[in-house]
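Student: Here you go, one structure.
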Amino acid sequence: MNLESKIYIAGHRGLVGTALQRSLRDKGFENFVTRTHAELDLTSQAAVEEFFASEKPAYVFLAAAKVGGIHANNTYPAEFIRDNLAIQTNIIHAAYTNDVKRLLFLGSSCIYPRLAPQPMQEAHLLTSELEPTNRPYALAKIAGIEMCWAYNRQYKTQYLAVMPTNLYGPGDNYHPENSHVIPALIRRFHEAKLANAPSVTVWGTGTPKREFMYSEDMADACVYLMNLPDEKFVPLLGQDRNDGLPPLMNIGVGHDLTIRELAEAVAATVGYQGTLEFDSTKPDGTPRKLMNVDRLNAMGWKAKTDMRTGLATAYQDFLASIKQA
C-alpha cells in the first residue's frame, strides 16, 4: 500500500476497526474513507454498490460484522448468519466490480471444528463438526473465506482472509450480556468491587482454554500482511487452484490459558478481592481454541503485548467509557 492510497475500513468504529485505523495512522496512512452504520447500511446491496462506485477505495479492510459472545450467539442465531452473509457478500462483490487492489477479510477462530487438533492449523478448516453455540456465525465466516477464494480463482483478485484469535482492547463492547468474555469480566468485577460483593459468578466450569490477543497486535499483523510484496502475498491467495489451503492466515499469540486463570487475572487487574464461583449449568463452548501461528511467525511477524499489560490498558479503556456514558 502507498501512503496516499485510499483505504476503506468497514466497521471502523468497532474493536477491530478502531485498532486498524490507529495502526495505519501510526504508519503514516491518512487517506481513509469510512461510514457509520447510520450513513451506510452494509446489508443493503444497492447502498454498498453506490458507495464503492462513488469512493473507489484501493484497499479494503472488511472488519464489519455482527459479533457477540455465547449468549448473543444463542439468542440471535438468525441475525448472526443473515447479517454477516449480507455484509461480506456485498462488500466482496463491490470490491471486485470497482477494482479494489487488495481486500482483507477478518473472520474468527470459531470457523474451526469444535474438536479440531490443537493448536489449530489453517488446514483444519471444514475437517469436522463446528461448535453448535456459534455455528451460524461460523458458517457465515466460512462462506466469506470461500467467496474470497472463488473470486481469487475466477477473477484473479487479491483477497486474503485472516482469522484472529479472541481479541480484547481499547474500544471493546462492555455490554453486560452481549459482550465477549474479557470485557464482560472487566465490567462484572468492576461492579462487584464497587458493590463490595463477596463473590462473582462466572459462566461455565472455568476449565476451557482460550487464547487472547491484544487488538493493537492484531491490527499490526493485518497491516503487515496487506503490505507484503506481491511475491509473498499472491502465493497466499489460492488464485490458480481449488484444493489445498484456502486464502487463509491465522493471527494469534500461540499460547492460551483457562477461563479460571483468565478470570483471576482480570480480578487482579480490576482489584477485586472477593471469591470466584463457576456456574457449571451454563455452556462452556469449545473445550480449547488455540491458534497455530507458525505460518505468520515464519513470515516475520509475532505478537508483542503480554496479557498483564493488555488487561491493564483494557481496564483503563473501560473506566474511560463509563465516564463518557
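Student: Taking the options A58, A78, A72, name whichever one is among the aliphatic types (A, V, I, L, M) and either more than 29 Å from R114 (Cα to Cα) or surrounded by 22 or more Cβ atoms within 10 Å (Cβ to Cβ) (or both).
Tutor: A58
Student: Can you tell me which residue in region 1-17 is surrounded by the most Cβ atoms within 10 Å (Cβ to Cβ), limited to those that are aliphatic (A, V, I, L, M) and assigned to a loop (DSSP other than H, G, I, E, B)?
Tutor: Checked region 1-17; the qualifying residue surrounded by the most Cβ atoms within 10 Å (Cβ to Cβ) is M1.
Student: Which fully enclosed helices (runs of 4 or more DSSP H) of region 18-131 have 1 or more residues being closer than 30 Å to D294 by Cα?
Tutor: The qualifying helices (runs of 4 or more DSSP H) are 70-75, 77-97.
Student: Please identify the pairs in which a residue from region 72-97 that is among the acidic types (D, E) has its Cβ atom under 7 Å from the Cβ atom of a residue that is buried (at least 17 other Cβ atoms within 10 Å of the Cβ), counting only partners at least 6 apart or on another chain.
Tutor: Matching pairs, first to second residue: E79/K66; D83/T43; D83/K66.
Student: Tell me the residue from F318, F233 that is of a type in the set (F, W, Y), under 20 Å from the mean Cα position of the chain (by Cα) and surrounded by 14 or more Cβ atoms within 10 Å (Cβ to Cβ), please.
Tutor: F318
Student: Across region 272-304, what is the total count of residues that are among the basic types (K, R) and not in a loop (DSSP other than H, G, I, E, B)?
Tutor: Of the residues in that region, 3 qualify.
Every number here is computed from the coordinates shown, using simple stated rules; none is lab data. Quick caveat: nothing in here was measured; it's all calculated off a predicted structure. Reconstructed Cβ throughout: ideal geometry from the backbone, glycine too, with neighbour counts over all protein chains shown.
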